[in-house]
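Each reported figure results from applying straightforward, stated rules to the coordinates on display, with no laboratory input. Computed from a predicted model, the values in this text were never measured in an experiment. As a convention, Cβ positions derive from the backbone with ideal geometry for all residues, glycine included, and neighbour counts pool all protein chains shown.
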Amino acid sequence: MGARLPRWLLAFTAAVLALLHLPLVVLVAFSFNASKFSVEWTAFTLNWYRRLAERRDILRALRGSLIVGGSATLLSVALGTLIALALARHRFRGRTIYEAMLYAPIVTPEIVVGISMLILLVLVHVPLGLATITIAHVAFSVPFVAVVVLARLSGMDEHLEEAAMTLGADEIAAFWKITVPLLWPGILAGALLAFIMSFDDYVITSFVAGSGSSTLPLVIYGMVRRNIEPSINAISTLILVATVVLLYLSDRMSRRAATVDE
Amino acid sequence: MSTRRRRLLGWLERHPEAQAWALLGPGTIWMVVFFVIPVLIMCAYSLMPRGTYGGVEVGFTLEAYQRFFNPVYLIILERTFVAALLCTALCVLLGYPVAYVIARSGRWKNVLLFLVVLPFWTSFLVRTFALIFLMRDTGLINSWLLKLGLVREPITMLYTSFAVLTGLVYGFLPFMILPIYASLEKLDPALLEAAEILGAKPAARFRRITLPLSRPGLVAGCLLVFIPALGSFLTSDLLGGAKELLIGNLVQNQFTTARNWPFGSAASTVVMVLVLGAVLIYLRVRDRETVGVI
């Protein structure tokens, strides 16, 4: 590129990017600080992490989050991928309205989704718990998965499947042997998005969780509210690390999938 | 291959529309049952009388909306609107230069993009707590200010409108940077060179070429920031005090402590209508722009 960027612009960009990350860096650093109440650095400790491991409620919430996140991801990936296939490959009546309906949950505020879901569940007397959390998470993840997979599909060559069918595969065999492997990076990206949204969701979950079940965001919210000790820093750090690891793994997997199809 | 499977595939072959709906079906049923119908019920609840212990009673009334549209609650609506607008404006001011630099950063592009996207993937709750940790009276910022002798007493930052605005900008800035970047990336450098040869100064080149051509990204970014800011709940809940309630908090409050479901539903319906309005305005602007460019 020709023109060099003015120095003040580079400094400004560096400052904004630093402001985006500094709060998290500070948070992580102080998860290792021995002092309980002050932000003075006293000594290095792993105490707050040990404290976390002793808390039954956190382990239980982690289990809840993994169950909900795992099942919501599987379901929304299946449903969303099928929708994307229909939108990419088929013409049908009411398509415009359908697409509008697909985008609606993406723009609707979480609070609206949460209370309307609560209203429905109370109306039909469904007991609240991990199952209702999963149902709600699938409802808001399906459109995101569909959009991500659709993006991948639109760059894909339909003739490959036709070729497979000319060579004797039926539609179902062609789907599993050709379409799914080619779509893999898109499906993976959709799954990652669905899982992280589910794992991180507080607002909708808080309405449909009921008193008996819990997920990590619900517990963390309670800890933040009570503003207690650096254990919150410690659990935040663990979540940050887990997110980065997950991003790294999915990046590697989709790179591998991308090299396979070349 | 079983005959039944062959017969099914044959039938689908002859009915392409049925094929589409076979794929759409499961997801559509899920979305209709767990999104469309609940939202419709919520709208209906906003028009019904309040039940004694939460819930509603059968009947029709405009009470909830009459209550919402009086000064006490309109202030909350206005505050929400102002916060969302200010947040969008700040995100433009902070985000545009960053997007511009990234689009022209050559081999650093991927690293910088990664730095912008990373916060988007990290937990919103964790990021909000990070701000609390910095901004509270006993937080890092105040402790440094005190140590440096710049202030005698801690500055109250948390539980103010300043904290809420900071939280909103911090939370949604990546949504502004990414679409602007996407449209600046497509900008043909030859246009700028041509303008330079023809004698346009840098400021004029920016104002007359870069800015107009990046408008689609700018408009999309504004929508992507404005909408979640309008419906935000967690940010004002954790960073704002009782005086900084936004409309999302009002809705939540009616379903938890106040137990006035019709009123909560009415407030929630208003938020949804505002969001849809913003989307429609966006689509209008976008369509007009595309026509204009062609």
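In summary, the aspartates and glutamates within cross-link reach of B:Lys147, defined as a Cα separation below 18 angstrom excluding same-chain residues under 8 places away, comprise A:Glu40, B:Asp137. Other residues lying with their Cβ under 14 Å from the Cβ of B:Ser265 contribute a combined charge of +1, Lys and Arg counting +1, Asp and Glu -1. List the trypsin sites (Lys or Arg not before Pro) within region A:63-169 that fall in a DSSP loop (any state other than H, G, I, E or B) and whose Cβ has at most 15 other Cβ atoms within 10 Å. Filter output for region A:63-169: A:Arg91, A:Arg93. Panel order for A:Ser231, B:Ser2, by other beta carbons found within 10 Å of each beta carbon, from fewest to most: B:Ser2, A:Ser231.
What ranking do A:Ser76, A:Ser254, A:Ser65 get, fewest neighbouring Cβ atoms within 10 angstrom at the top?
With the fewest neighbours first, A:Ser76, A:Ser254, A:Ser65 line up as A:Ser254, A:Ser65, A:Ser76.
Counting only other chain Cβ atoms within 10 Å of each residue's Cβ, the peptide B:35-45 averages 6.
Projecting the Cα atoms of B:Phe206, B:Ile155, B:Val169 onto the dipole axis of the protein assembly as shown, where Lys and Arg carry +1 and Asp and Glu carry -1 at the beta carbon, places B:Ile155 farthest toward the positive end.
Per residue of peptide B:228-235, the mean number of Cβ atoms on other chains within 10 Å of the residue Cβ is 4. The orientation-averaged projection of the convex hull spanning the C-alpha atoms of the protein assembly as shown amounts to 31.6 square nanometres.
With a cut-off of at most 11 other beta carbons within 10 Å, and DSSP calling the residue loop, which chymotrypsin sites (Phe, Trp or Tyr not before Pro) in region B:34-128 qualify? Please list them.
B:Tyr53, B:Phe60
Listed by Cβ neighbour count within 10 Å, with the fewest neighbours leading, B:Ile197, A:Ile187 appear as B:Ile197, A:Ile187. Normalised by the number of residues in chain A, the average gap of Cα pairs under 8 Å and 6 or more apart makes the relative contact order 31 percent. Please report the orientation-averaged projected area of region B:143-225, defined via the convex hull of its C-alpha atoms, in nm². Over every viewing direction, the Cα hull of region B:143-225 projects on average to 8.6 nm². Taking every alpha-carbon pair under 8 Å whose residues sit at least 6 apart, chain B reaches a relative contact order of 26 percent.
With q set to 0.08, 0.10, 0.14 Å⁻¹, the log10 of I(q)/I(0) for chain B, from the Debye formula over equal scatterers at the Cα positions, is -0.55, -0.79, -1.15.
Between B:Phe162 and B:Asp188, what is 0.36 nm times their sequence separation minus the Cα-Cα distance? Round to one decimal in nm. Walk me through the numbers before you get to the answer.
Values: separation 26, 0.36 × 26 = 9.36 nm, distance 3.95 nm.
Fully extending the segment from B:Phe162 to B:Asp188 adds 5.4 nm.
For B:Lys243, a cut-off of 15 angstrom between C-alpha atoms picks up these aspartates and glutamates, skipping any fewer than 8 places away in its own chain: B:Glu78. Please identify the GluC sites (Glu not before Pro) of region B:19-116 that satisfy two criteria: DSSP loop assignment and at most 16 other Cβ atoms within 10 Å. Which are they? Those that pass, being in a loop and sparsely packed, are B:Glu57.
Over the Cα atoms of region B:93-210, Rg to Rh with Kirkwood Rh, two decimal places? Over the Cα atoms of region B:93-210, Rg/Rh equals 1.14. Plainly put, chain A has a radius of gyration that is 1.05 times its Kirkwood radius, both from alpha-carbon atoms, as the Rg/Rh ratio. Cross-link partners of B:Lys201 among aspartates and glutamates, defined as those whose alpha carbon lies under 15 angstrom from its own and excluding same-chain residues fewer than eight positions apart: B:Glu193.
With a 10 Å cut-off around each Cβ of A:18-26, the average count of Cβ atoms from other chains is 6.
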